[in-house]
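Chemist: Please find one structure pasted underneath; my questions will follow.
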There are 2 protein chains.
Amino acid sequence: MTSDTRFQARQLPHGLADLFYEQAAIKTELESRLQDTFRGWGYQRIITPTFEYDTTLSTEASPQLAEEMYRLIDREGRILALRPDMTVPTARVVGTRLYDQTLPLRFYYVGSVFRYDEEPQAGRRREFTQAGIELVGAGTPEADAEVVAVAIGALEAMEVPRFQINLGQVGFLKAILADAGGGIRLENGDLRRVEAAVHRKNDRALRDILDELHITGRTADAVAAIPYLCGDVAVLDEARHLATNAEATAAVERLAAVYELLDRAGVADRVSLDLGEVRSMAYYTGISFHGYAAGLGFDVCSGGRYDGLISHFGADLPAVGFALGVERCMLVAQVQCSVAPQVVVQGSANAAAHHLAALARARGLRVEMDVMGRTGDALIAYGRERGARYIITPLTDGRYRLIATDGERTLRRGALEKEIATWIP
Amino acid sequence: MTSDTRFQARQLPHGLADLFYEQAAIKTELESRLQDTFRGWGYQRIITPTFEYDTTLSTEASPQLAEEMYRLIDREGRILALRPDMTVPTARVVGTRLYDQTLPLRFYYVGSVFRYDEEPQAGRRREFTQAGIELVGAGTPEADAEVVAVAIGALEAMEVPRFQINLGQVGFLKAILADAGGGIRLENGDLRRVEAAVHRKNDRALRDILDELHITGRTADAVAAIPYLCGDVAVLDEARHLATNAEATAAVERLAAVYELLDRAGVADRVSLDLGEVRSMAYYTGISFHGYAAGLGFDVCSGGRYDGLISHFGADLPAVGFALGVERCMLVAQVQCSVAPQVVVQGSANAAAHHLAALARARGLRVEMDVMGRTGDALIAYGRERGARYIITPLTDGRYRLIATDGERTLRRGALEKEIATWIP
């Protein structure tokens, strides 16, 4: 091994991280709460491979996402890629294997995704964990609203404080642009440039792009107004006035219907309307949303409707979903986890000590048995350093010393068993 | 897209699998039980990246494992690899970042590992999930015994029926071979060939290899006897007689001490001694074990002591651990999981219906709200098809129809809320 490879062996590549102690426990706890939330809404887990054919994962990927994918060549010479999201693999499974099921299908996922990011920063890693849902087979506003409501429930379950969902509709901008220059069809790259300028609320860049594309008159005015169509329900009336064709009007009415349903579901106070919410996956076709938490400079979740994606793999089914970034949520979630042992027991050669440890474990407690040969005061010092609530050491007369945070007692085995039966995690 | 790539887009590469419905739920449940078991013994989770530098992951890898690793080149031209196990990454974290902690360290992991297998079969996939533990900093028989006991506890927690741990000691064969031909040092490849012949109980191949290596006399007789040193505690006496040097004797006594501790821990009935248990990771230095379940032609878990590995990354710490294959355990585990909705509720435009659904969710039930516009009999038929225990539809007079498996009632909202408060998952 050269000194360079020896150095490399001890390092992680840039943009990757190890988690242990409390951070690993918090991530595990958040994933558990997310799964409980998703299952509570009737979603079932789907688990797809970490990598698959590049051609699968590139389906309808934006140029940026396609650029960010990690690729490898398998031994048969085919190009594989690490999944950059979970929506496309889920669409593959649904389109190829589950097309004949009673609808709707409700799936959730939680797992690593991979994106090569030139300059990874806080909350932006090259491997990160996405958790989310896909609601397949329902093209209704009720389905759109459910996905937004589940996203809100997921953020609440993680104790993310002060968050907001910005809810938009990619169909509105697309419908208006469909009129552009007498109905010319915008190439995907041009649409992306318009969307980017709208998203950044960059008026000048937006006007320049519209001029360049020869988009003028009412159409140009409507597009230029979109970045400012954000706020409460009054935004919908402004959008209705700006709508330049029936399709644009329908897009606004759909958004209005979803917002009304979210109000009935009691979560509208978490939702801000934002027609400028157009930055999205290339496959989105309807509502689109991002979630933001106070104090973070990037979104914690995003989602939208993607009615055309699944048909690439087989059945033509409408779908809507969202994904959240677990590591990003960890930056603001107020969940705390204790990882220290709650009970420390001396004597792994002592059969009764094993029995007592098992009793405490059955109560849900974290129990360490000594394996270092620590006895008496050394074990007690160790247990206290680790923050254990209870330390148990066997005495030579068959009784046990129980050192608890509130004092010390000597107990017979039967009495100690009764005591343990009252302990709670 | 060519027809070939279109076909590829719908397929998974060989040796990979999608899991959904009950299979995904069972995997999730097993992983949850495993984590509860590990935490109960005081182990804390460690999460390392899916890929890292090849030089890290290749540390002390056997030639076969090195051959089976999936590699990719990052954009800086460095060779990365998908992790083939979790022990080496954990050793890296411990050796480089946790060398100054109070010992022992107890870590558990659960996650995907990747091995290119020429002909993947049942229970052998190119991506599979390993769950396991590493107990670091304790070089004692107590530590060895704890890891075996946790493995037994993990298999029991998954309801794997009729399993057995074959417990051996790679140090015994290595110590005897150290005498070979007047103390010549066996090259790693030769040691591997001897180990393979011992493992397969192939007497003829073993004798041929010993002849070829000029190993004769008591040493050859001892090696040739090893494949048959399996069974109960009487095996230890046979091994004591065969021991050709002090190191071999010490290896037997260490195994005897571990077995005695497992007896005290009340789990010796699960353990069979097997000095022929020498097929192992290249970095094992002491005890070594595999777990087998009745009816499966391959092991479900394996582990051992690896005292030299962590020093490659920094601190020189003894360690012992084990890993189990979650998908393999799924083939025999008797856990069943229901995934169907337990409650189906009509009316996502009805604020009270949202409230009722939330109440049932808070009780831990899986609750689907209709998003397909199903009402009345259509909703009831859907709920019954899905196996729901309760179906709730609002009536026009403000009351609710509750269709349960044991009959139907019409209730006011308050009465229905009281009813829901009694439901259990």
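Chemist: Out of B:Ser302, B:Ser311, B:Ser338, report the one residue that is more than 10 Å from chain A (Cβ to nearest Cβ), open to solvent by 40 Å² or more (accessible area, probe 1.4 Å) and outside any loop (DSSP other than H, G, I, E, B).
Modeler: On the way: B:Ser302 fails: open to solvent by 40 Å² or more (accessible area, probe 1.4 Å); B:Ser338 fails: outside any loop (DSSP other than H, G, I, E, B).
That would be B:Ser311, the only listed residue that is more than 10 Å from chain A (Cβ to nearest Cβ), open to solvent by 40 Å² or more (accessible area, probe 1.4 Å) and outside any loop (DSSP other than H, G, I, E, B).
Chemist: A further question follows. Among the residues of the stretch A:98-112, count how many are out of contact with any helix residue (DSSP H, G or I) (no Cβ under 7 Å at 6 or more places or on another chain), hydrophobic (A, V, I, L, M, F, W, C) and either open to solvent by 10 Å² or more (accessible area, probe 1.4 Å) or not assigned by TED's automatic domain parsing to the domain that holds A:Gly314 (or both).
Modeler: Matching residues across the stretch A:98-112 total 1.
Chemist: List the helices (runs of 4 or more DSSP H) that sit entirely inside the stretch A:1-68 and contain at least 2 residues that are facing chain B (nearest Cβ under 7 Å). Reasoning before the result, please.
Modeler: Details: elements: A:3-10, A:21-40, A:54-57, A:63-68.
Hits in the stretch A:1-68: A:3-10, A:21-40, A:54-57.
Chemist: Which residue is farthest from the other protein chains (Cβ to nearest Cβ), if the candidates are limited to the stretch B:83-97 and must be open to solvent by less than 40 Å² (accessible area, probe 1.4 Å) and without any contact (Cβ under 8 Å) to a residue 40 or more places away in the chain?
Modeler: B:Pro84
Chemist: Counting only residues that are open to solvent by 10 Å² or more (accessible area, probe 1.4 Å) and on the phi < 0 side of the Ramachandran plot, how many does the stretch B:68-82 have?
Modeler: Our first condition is that a residue be open to solvent by 10 Å² or more (accessible area, probe 1.4 Å); within the stretch B:68-82, this holds for B:68, B:70-71, B:73-79.
If we keep only those that are on the phi < 0 side of the Ramachandran plot too, we end up with B:68, B:70-71, B:73-76, B:78-79.
Total meeting the criteria: 9.
Chemist: Return the residues of the stretch B:317-335 that are outside any helix (DSSP H, G or I) and within 14 Å of chain A (Cβ to nearest Cβ); say none if nothing qualifies. First the steps, then the outcome.
Modeler: Pass one, the stretch B:317-335, residues outside any helix (DSSP H, G or I): B:317-325, B:331-335.
Passing the criteria: B:Leu317, B:Pro318, B:Ala319, B:Val320, B:Gly321.
Chemist: Open to solvent by less than 20 Å² (accessible area, probe 1.4 Å), in contact (Cβ under 8 Å) with a residue 12 or more places away in the chain and either facing chain A (nearest Cβ under 8 Å) or out of contact with any His (no Cβ under 7 Å at 6 or more places or on another chain) (or both), is that true of B:Ala360?
Modeler: Against the criterion (open to solvent by less than 20 Å² (accessible area, probe 1.4 Å), in contact (Cβ under 8 Å) with a residue 12 or more places away in the chain and either facing chain A (nearest Cβ under 8 Å) or out of contact with any His (no Cβ under 7 Å at 6 or more places or on another chain) (or both)), B:Ala360 qualifies.
Chemist: In the set B:Ala315, B:Ala323, which member is of a type in the set (Gly, Ala, Ser), in contact with a Cys (Cβ under 7 Å, 6 or more places away or on another chain) and within 30 Å of B:Pro141 (Cβ to Cβ)? Walk me through it before giving the result.
Modeler: Numbers: B:Ala315 fails: in contact with a Cys (Cβ under 7 Å, 6 or more places away or on another chain).
Going through B:Ala315, B:Ala323 in turn, the sole match is B:Ala323.
Chemist: Taking the condition away from chain B (no Cβ under 12 Å) and not in a strand (DSSP E or B), does A:Asp100 pass? Spell out how you get there, then give the answer.
Modeler: Numbers: away from chain B (no Cβ under 12 Å): yes; not in a strand (DSSP E or B): yes.
Yes, satisfied.
Chemist: Please list, ordered by first then second residue, the pairs with beta carbon atoms under 9 Å, 6 or more apart or interchain, first in the stretch A:69-82 and in the same structural domain as A:Val113 (by TED's automatic domain parsing), second surrounded by fewer than 21 Cβ atoms within 10 Å (Cβ to Cβ) and of a type in the set (Phe, Trp, Tyr).
Modeler: Sorted first by the residue in the stretch A:69-82, then by its partner, the pairs are A:Met69/A:Tyr116; A:Tyr70/A:Tyr116; A:Asp74/B:Tyr116; A:Arg75/B:Tyr116.
Chemist: Further question: Condition check: in contact with a Lys or Arg (Cβ under 8 Å, 6 or more places away or on another chain) and assigned by TED's automatic domain parsing to the domain that holds B:Leu167. Does B:Phe313 satisfy that?
Modeler: Details: in contact with a Lys or Arg (Cβ under 8 Å, 6 or more places away or on another chain): yes; assigned by TED's automatic domain parsing to the domain that holds B:Leu167: yes.
For B:Phe313, the condition - in contact with a Lys or Arg (Cβ under 8 Å, 6 or more places away or on another chain) and assigned by TED's automatic domain parsing to the domain that holds B:Leu167 - is met.
Chemist: Follow-up question, since we're still on this one. Which residue out of A:Gly376, A:Gly398 is touching a helix residue (DSSP H, G or I) at 6+ places or on another chain (Cβ under 9 Å), open to solvent by 10 Å² or more (accessible area, probe 1.4 Å) and more than 11 Å from chain B (Cβ to nearest Cβ)?
Modeler: On the way: A:Gly376 fails: touching a helix residue (DSSP H, G or I) at 6+ places or on another chain (Cβ under 9 Å).
Exactly one of A:Gly376, A:Gly398 is touching a helix residue (DSSP H, G or I) at 6+ places or on another chain (Cβ under 9 Å), open to solvent by 10 Å² or more (accessible area, probe 1.4 Å) and more than 11 Å from chain B (Cβ to nearest Cβ), namely A:Gly398.
Chemist: Would a scan of the stretch A:162-174 turn up a residue that is of a type in the set (A, V, I, L, M), open to solvent by 30 Å² or more (accessible area, probe 1.4 Å) and under 28 Å from the mean Cα position of the chain (by Cα)? Explain how you work it out, then say what you get.
Modeler: We begin by selecting, within the stretch A:162-174, every residue of a type in the set (A, V, I, L, M); these are A:165, A:167, A:170, A:173.
From what is left, the residues that are open to solvent by 30 Å² or more (accessible area, probe 1.4 Å) are none.
For the stretch A:162-174, residues of a type in the set (A, V, I, L, M), open to solvent by 30 Å² or more (accessible area, probe 1.4 Å) and under 28 Å from the mean Cα position of the chain (by Cα): absent.
Chemist: For the stretch B:168-204, enumerate the residues that are acidic (Asp, Glu) and at pLDDT below 85.
Modeler: As a first pass, look at the stretch B:168-204 and keep what is acidic (Asp, Glu): B:179, B:187, B:190, B:195, B:203.
Across the stretch B:168-204, the qualifying residues are B:Asp179, B:Glu187, B:Asp190.
Chemist: When you look at A:Arg115, is it farther than 18 Å from A:Ala282 by Cα and open to solvent by 10 Å² or more (accessible area, probe 1.4 Å), yes or no? Spell out the reasoning first.
Modeler: Details: farther than 18 Å from A:Ala282 by Cα: no; open to solvent by 10 Å² or more (accessible area, probe 1.4 Å): yes.
Considered against the rule, which asks whether it is farther than 18 Å from A:Ala282 by Cα and open to solvent by 10 Å² or more (accessible area, probe 1.4 Å), A:Arg115 comes out as no.
Chemist: Continuing with this model, one more query. Which of the residues spanning the stretch B:261-288 are within 12 Å of chain A (Cβ to nearest Cβ) and touching a residue at least 40 places away in the same chain (Cβ under 8 Å)?
Modeler: Correct list: B:Leu261, B:Leu262, B:Ala265, B:Val267.
Chemist: In addition: Here is a list: B:Gly364, B:Gly383, B:Gly347. Which entry is within 41 Å of the chain's Cα centre (by Cα) and in a loop (DSSP other than H, G, I, E, B)?
Modeler: Working: B:Gly383 fails: in a loop (DSSP other than H, G, I, E, B); B:Gly347 fails: within 41 Å of the chain's Cα centre (by Cα).
Answer to the selection: B:Gly364.
The values are calculated or read from the model by the stated rules, or taken from the named source; none is laboratory data. Keep in mind the model is a prediction, meaning the values are calculated, not measured. Neighbour counts are summed over all protein chains in view; Cβ atoms, including those assigned to glycine, are modelled from backbone coordinates with ideal geometry. Accessible surface areas use protein heavy atoms only, side chains included; no ligands, DNA or RNA. Shrake-Rupley method; radii C 1.70, N 1.55, O 1.52, S 1.80 Å.
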